[in-house]
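Engineer: Take a look at this one; I'll ask things after.
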Amino acid sequence: MGLIFDSITGHGLIELPVISSPFGKLTFCESNRHIPFEIARSYLVYDVPDSSERGGHAHRYQMSVIFAMHGRFRVTVNDGRKATSYWLDSPHQGLYMGKMLWRDINSYSGSAVCGGLSSGHYDEGDYIRDWDSFVAEVRTRNA
């Protein structure tokens with residue numbers, strides 16, 4: 001399946017298939033085959049101004065995979081105890097993030113396009129948007 005993620009930390013890189021021909025390259029993904037969940041939502045983030053940051057939240061129940069569809073950016077994933085940073089710069093490599101992981105996305109190249117796949121439909125109640133609330137919820141779950 002091309003999964004490289006760590007099941008203990010709940011995040012890591014996923015390699016998608018690449019089919020090359022004289023006419024270009026094709027990359028694809030399928031639910032529960034290349035992506036370790038049923039895909040309920042997809043989204044794009046683009047035209048991000050220089051020095052802007054995106055993310056700044058965690059999901060209580062949803063899992064996601066994000067890709068650099070074009071350009072590059074850095075994603076820092078934090079479980080409330082330890083942070084790990086990944087540079088994404090290829091449309092065939094995604095970052096899997098499980099539940100209860102804080103994510104910050106920054107250092108976008110000028111033309112970067114971030115594509116995302118999520119295991120759930122948009123639900124504001126699934127988001128934790130305050131760092132201190134996130135850490136408190138992590139501690140409560142791990143108690």
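Engineer: Would you be able to tell me the number of residues in region 10-33 that are under 14 Å from the mean Cα position of the chain (by Cα) and not aliphatic (A, V, I, L, M)?
Structural biologist: Adding up the residues that qualify gives 4.
Engineer: Shifting gears a bit: Can you go through 31, 21, 64, 85 and tell me which one is small (Gly, Ala, Ser) and surrounded by fewer than 12 Cβ atoms within 10 Å (Cβ to Cβ)? Explain how you work it out, then say what you get.
Structural biologist: Details: 31 fails: surrounded by fewer than 12 Cβ atoms within 10 Å (Cβ to Cβ); 64 fails: surrounded by fewer than 12 Cβ atoms within 10 Å (Cβ to Cβ); 85 fails: surrounded by fewer than 12 Cβ atoms within 10 Å (Cβ to Cβ).
Of 31, 21, 64, 85, the one residue that is small (Gly, Ala, Ser) and surrounded by fewer than 12 Cβ atoms within 10 Å (Cβ to Cβ) is 21.
Engineer: Any residue in region 113-122 that is under 22 Å from residue 16 (Cβ atoms), surrounded by fewer than 16 Cβ atoms within 10 Å (Cβ to Cβ), out of contact with any Cys (no Cβ under 9 Å at 6 or more places or on another chain) and aliphatic (A, V, I, L, M)? Spell out the reasoning first.
Structural biologist: Start the filter on region 113-122 by keeping residues that are under 22 Å from residue 16 (Cβ atoms), which leaves 113-120.
Checking the rest, the ones that are also surrounded by fewer than 16 Cβ atoms within 10 Å (Cβ to Cβ) come to none.
No: region 113-122 contains no residue that is under 22 Å from residue 16 (Cβ atoms), surrounded by fewer than 16 Cβ atoms within 10 Å (Cβ to Cβ), out of contact with any Cys (no Cβ under 9 Å at 6 or more places or on another chain) and aliphatic (A, V, I, L, M).
One line per residue, one yes/no per condition, for (1) assigned to a strand (DSSP E or B); (2) aromatic (Phe, Trp, Tyr); (3) in contact (Cβ under 8 Å) with a residue 60 or more places away in the chain:
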residue: 61; (1), (2), (3): no, yes, yes
residue: 65; (1), (2), (3): yes, no, no
residue: 77; (1), (2), (3): yes, no, yes
residue: 81; (1), (2), (3): no, no, no
residue: 86; (1), (2), (3): yes, yes, yes
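Okay, residues lined up against (1) out of contact with any helix residue (DSSP H, G or I) (no Cβ under 8 Å at 6 or more places or on another chain); (2) over 22 Å from residue 135 (Cβ atoms):
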| site | (1), (2) |
| --- | --- |
| 25 | yes, yes |
| 35 | yes, yes |
| 70 | yes, yes |
| 74 | yes, no |
| 79 | no, no |
| 85 | yes, no |
| 114 | yes, yes |
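Engineer: While we're on this one: Looking at region 68-101 only, could you name the residues that are of a type in the set (Phe, Trp, Tyr) and within 11 Å of residue 11 (Cα to Cα)?
Structural biologist: We begin by selecting, within region 68-101, every residue of a type in the set (Phe, Trp, Tyr); these are 73, 86-87, 96.
The answer is 86, 96.
Engineer: Another one. Name the single residue that is modelled with the highest pLDDT among those in region 88-141 being assigned to a helix (DSSP H, G or I) and polar (S, T, N, Q). Talk me through it step by step, then tell me what you get.
Structural biologist: Going through region 88-141, the residues assigned to a helix (DSSP H, G or I) turn out to be 124-126, 131-141.
Filter again for polar (S, T, N, Q), leaving 133, 140.
Working: 133: 97, 140: 90.
This residue is 133.
The values are calculated or read from the model by the stated rules, or taken from the named source; none is laboratory data. Everything quoted here is computed from the prediction, not taken from an experiment. Counting neighbours? That spans all protein chains shown, and the Cβs are built from the backbone with ideal geometry, glycine included.
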